[in-house]
1. Which numbered condition in (1) open to solvent by 70 Å² or more (accessible area, probe 1.4 Å); (2) within 18 Å of R79 (Cβ to Cβ) is the only one that R29 fails?
2. Quickly run through segment 6-47 and pick out the residues that are free of Cβ contacts under 8 Å to residues at least 12 places away in the same chain and small (G, A, S).
3. Report yes if L55 is surrounded by 12 or more Cβ atoms within 10 Å (Cβ to Cβ) and under 18 Å from S4 (Cβ atoms), otherwise no.
4. Mind checking whether some residue in segment 1-8 is within 28 Å of A132 (Cβ to Cβ) and either in a strand (DSSP E or B) or of a type in the set (V, I, T) (or both)?
5. With the condition kept exactly as written, say whether any residue in segment 76-94 is part of a helix (DSSP H, G or I), out of contact with any strand residue (DSSP E or B) (no Cβ under 9 Å at 6 or more places or on another chain), more than 30 Å from I121 (Cα to Cα) and open to solvent by less than 20 Å² (accessible area, probe 1.4 Å).
6. Given the conditions (1) over 29 Å from R33 (Cα atoms); (2) open to solvent by less than 30 Å² (accessible area, probe 1.4 Å); (3) in contact (Cβ under 8 Å) with a residue 24 or more places away in the chain, and given that T50 satisfies all but one, which numbered condition is not satisfied?
7. Which of the residues belonging to segment 58-75 are among the β-branched types (V, I, T) and either open to solvent by less than 20 Å² (accessible area, probe 1.4 Å) or modelled with pLDDT of 90 or more (or both)?
8. Which of the residues that make up segment 96-154 are open to solvent by 80 Å² or more (accessible area, probe 1.4 Å), in a loop (DSSP other than H, G, I, E, B) and farther than 18 Å from M1 by Cα?
Amino acid sequence: MTASALLTQAARDLVGAPQEGLGEERESRWRGRRIVRVGAAWHLGVLLLTETHALATAEVLRAADPGRRGYTAESARERAVRRQEALRGGFDEGEVVHVGWSIIDVDAVDAGGSSGPLALIDGVPKVRWSAAGGYMPLEAYLRERVELLRGATG
């Protein structure tokens, strides 16, 4: 089975399951820096799946007001600023937002290449499930992730 067919089937199986927000960074003189909603996707580990595209995940955050807090690390301060940018961009408090994602070229994978975390290896579509991890068959990965997501809703 091709990567395209596997991802299409996964999207069908996920209809009705909860999706998470896709955001993009915007900046203007009047509104400042913010993260605005550009869509929604099902979050399947290293993959984000929409009805039309497969995306590679990047930064994941929750929209939130940072309040008045002392930060012991600069990275914590930066993360709080990012959460506030999502809130300012129109996401609801506590909503999960994916930023920096990239579209996976599924046709390239089906043609024998690779794109993002997907690759065709020995004729089998596979996914690299972590930066340090190896590849595993995409079919098994999707089956497990779809079951987990569906199980969380019902």
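The values are calculated or read from the model by the stated rules, or taken from the named source; none is laboratory data. Model, not experiment: these values are computed from the prediction. Virtual Cβ from ideal backbone geometry, glycine too; neighbours counted across all protein chains shown. The area values use the complete protein model at the heavy-atom level, side chains included, leaving out ligands, DNA and RNA. Shrake-Rupley method; radii C 1.70, N 1.55, O 1.52, S 1.80 Å.
1. The number of the failed condition is (2).
2. S28 - this is the single residue of segment 6-47 that is free of Cβ contacts under 8 Å to residues at least 12 places away in the same chain and small (G, A, S).
3. On the way: surrounded by 12 or more Cβ atoms within 10 Å (Cβ to Cβ): yes; under 18 Å from S4 (Cβ atoms): yes.
Judged against the criteria, L55 is a match.
4. Keep residues of segment 1-8 that are within 28 Å of A132 (Cβ to Cβ), which gives 1-4, 6-7.
Filter once more, so that each one left must be either in a strand (DSSP E or B) or of a type in the set (V, I, T) (or both): 2.
Scanning segment 1-8, I find at least one residue that is within 28 Å of A132 (Cβ to Cβ) and either in a strand (DSSP E or B) or of a type in the set (V, I, T) (or both), so the answer is yes.
5. The answer is yes; a qualifying residue exists.
6. (1)
7. Once the filter is applied, which keeps residues that are among the β-branched types (V, I, T) and either open to solvent by less than 20 Å² (accessible area, probe 1.4 Å) or modelled with pLDDT of 90 or more (or both), segment 58-75 yields only V60.
8. Scanning segment 96-154 gives W129, A131, A132, A152, G154.
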